[in-house]
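K.L.:
Submitted below is the structure of interest, expressed as structure tokens.
The values are calculated or read from the model by the stated rules, or taken from the named source; none is laboratory data. Bear in mind the structure is a predicted one, so any value in this text is a computation, not a measurement. Note that we place each Cβ from the backbone using ideal geometry, even for glycine, and neighbour counts take in every protein chain shown. In case anyone asks, the SASA skips ligands and DNA or RNA and just uses the protein heavy atoms, side chains included. Shrake-Rupley method; radii C 1.70, N 1.55, O 1.52, S 1.80 Å.
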Amino acid sequence: MGTTSNGDRPWESCHTVYTNAKAGMDGVDKEKVQRVIYEMSKGSKYFENEQRKDAILKEKIERMQAQCAKLTEKDIEKFQMVADKRIEELESSRDLSKIWLHSDMDAFFAAVETLENPSLEGKPLAVGSMSMISTANYEARKYGVRSAMPGFIAFKLCPELVLVPVSFDKYVHYSEKTRKVFRRYDPNFIATSLDEAYLDITEICKGRGVTREKVAEELRKAIYEETALTCSVGVAPNRLLAKVCSDINKPNGQYVLLNELEAVLTFVSSLPIRKIGGIGKVTEHILRDGLGISTCEDMLRKSAYICGLFSPSSVDFFLSVGLGLGNTETPQLRLRKSISNERTFSSTDDQSLLFKKLEETAEALSDDLQKESLFGRTLTLKLKTSSFEVKTRATSLQKFIQSKEHIFFHASKLLRAELPLSVRLIGLRMSHFGEAESHPADPTQRTLGSFFTEGTSAGRETISEPTVDHLDEEEESTTDLAPPSSTQQGAVSWLNDYICSLCGYELPPSFLKERQEHSDFHLAEILQKESPTPPKKRRKPTSNGSKHIPIEFFFDRTKEK
């Protein structure tokens, strides 16, 4: 949120996700929006949390600046050689043979609500609640209203705003209609959310002898005929650039980038780094304020510093951005890595209400798992407190589970360990999928493994970076600035910075929560295989005279070690 060191204009140092450039917001009075957000949130827990995160961000930037200052000319020359070699290797992998199309529905949730209630046409409209907005139409965006903004701030910016509640059933219905259209052009299309998808239209263009522009126009027309909704489309040689292109002529437009090297390099040369998926607010500030990188071309200009300060996987990502490289192949196997469900509500410390919300979330997650016939073994609880701090707690289970009862049972233990606490969001995520055993374990039956996993595998991670309640947008992610600490990795090490040494599972360094969760899973497995027997001299008879050791005695002694 920034400090108040700017004299009588403290809002000028107010940095929020609400004021970022977004389709339909080019003419917004940015200073007014900053001032309103500052004045409406000043003194609140949210404000205090933003100040805390800004202080952490400032410290990261200062640390990076200090690291840069320590690099000698000889160091920079060495890292430049490394960078040049890597750039050459990445360039050699460029593929200009594919034509990718990215489709993005225009203000999807708001557009569906207007379609079903024509009286909303032309009015500034937002979908969500006073706590959080999911999306806003283009009339509302002119005032600075946008997704992830609290409703009470939105009304301050636009008193005439119409606010309607979220109705997921409607959005899923219309999303399925758009996917019917996508299948005509690419049966293996990649859906990234209800309103976004990537399509490989290479064969369509070749087989029918039509231009990519024509296919884009056809698809947009077909979606409108099927849904009466508009979408914007981007066409490019790879998925990264196609997504950027789809945002250029919003709403109801298209932009086509030719499959020519010169065209690609010209396009990315002045492209702001924030336009790239995977570069969020935190990474943008660190790159801009720490290294002076604002455009994709700057990535190449500062390539020596990038190689000297970042992990190998981050270096590859940043240099690829500078070259305009992205994925061109359709994944042969697109297995779900996790499924999650969340509930947002007014802050409360009422434990009965919190467990009710948890049960609702467990039921929704179970339904999603059953739809895809998935059973999971790692359960993660997400909590957003009244002060906007986000915590995640994970546990690795002995059995693969799917039912609401099993999920709620294990999630309740994670939640109970955090109480008392005032919470405004509860989320559950299931991961590490596999096949269920023929006889699922009774969740109330305590096993040897469960004692270990309950005590050691619950991830005690507190997330300090901002998380945003995006419902109709792709969630922002920030690129990792250094390899995660190995102090909690257990027996797991990450080969080449992203391959698990035990099972070969691939997770980039930026997936901090997932990597911790993955390590917890292996740690639980290792502990479950170990069956240490207490020395005979420590054995004590039970109260009934038996020579067998009570299980409670074994674990009491284990905890003392």
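K.L.:
Which shape class, rounded, prolate or oblate, goes with region 195-279 when its Cα gyration tensor gives a ≥ b ≥ c as root eigenvalues, a/c under 1.5 marks rounded, and past that a/b bigger than b/c marks prolate?
P.N.:
oblate
K.L.:
Then there's this: Suppose accessible area is computed on protein heavy atoms with a 1.4 Å probe; arrange Ser92, Ser147 from highest to lowest.
P.N.:
Putting Ser92, Ser147 in descending order of accessible area: Ser92, Ser147.
K.L.:
Extending each Cα 7 Å along its Cβ direction at Leu261 and Glu225, get the distance between those two points in nm, one decimal.
P.N.:
Between Leu261 and Glu225, the simple spin-label model gives 4.1 nm.
K.L.:
If you plug each phi of region 35-40 into the Karplus form 6.51 cos²θ - 1.76 cosθ + 1.60 with θ = phi - 60°, what whole-Hz ³J(HN,Hα) values come out, in order, with x for Gly and Pro?
P.N.:
5, 5, 4, 4, 5, 6
K.L.:
Below 8 Å between Cα atoms, with a sequence gap of 6+, how large is the relative contact order for region 192-286 in percent? If you can, show how the numbers build up before the last one.
P.N.:
Values: 93 pairs, mean separation 15.9, N = 95.
This gives 17 percent for region 192-286.
K.L.:
While we're on this one: Excluding ligands and nucleic acids, what accessible area in Å² is computed for Lys156 using a 1.4 Å probe, to the nearest 10?
P.N.:
Result for Lys156: roughly 120 Å² accessible.
K.L.:
Kindly report, to the nearest 10 Å², the accessible surface of Asp195 as traced by a 1.4 Å probe over protein heavy atoms only.
P.N.:
10 Å²
K.L.:
Which of rounded, prolate or oblate describes region 80-189 when judged by the alpha-carbon gyration tensor and an a/c cut-off of 1.5? Walk me through the numbers before you get to the answer.
P.N.:
Numbers: a/c = 3.46, a/b = 1.68, b/c = 2.05.
It is oblate, given that a/c is not under 1.5 and a/b is not larger than b/c.
K.L.:
Which pairs break 29 Å Cα to Cα here: Lys356/Lys391; Lys58/Lys382; Lys250/Lys371; Lys221/Lys281; Lys42/Lys337?
P.N.:
Lys250/Lys371; Lys221/Lys281; Lys42/Lys337
K.L.:
What fraction, in whole percent, of alpha-carbon pairs in region 258-351 exceed 17 Å separation?
P.N.:
Within region 258-351, distances greater than 17 Å cover 61 percent of Cα pairs.
K.L.:
Using a 1.4 Å probe and counting only protein heavy atoms, arrange Val321, Val164 so the residue with the most accessible area comes first.
P.N.:
Of Val321, Val164, the descending order of accessible area is Val164, Val321.
K.L.:
Sticking with this one: Rank Lys123, Lys170, Lys30 by accessible area, highest first, at a 1.4 Å probe radius?
P.N.:
I get Lys30, Lys123, Lys170, largest accessible area first.
K.L.:
Another one. Carbon and sulfur: what percent of region 226-305's accessible surface (1.4 Å probe)?
P.N.:
Of the solvent-accessible surface of region 226-305, carbon and sulfur hold 50 percent.
K.L.:
According to the square roots a ≥ b ≥ c of the eigenvalues of the Cα gyration tensor, what is the shape class of region 133-230, taking rounded for a/c under 1.5, prolate for a/b larger than b/c otherwise, and oblate for the remainder?
P.N.:
Because a/c hits 1.5 or more and a/b exceeds b/c, region 133-230 counts as prolate.
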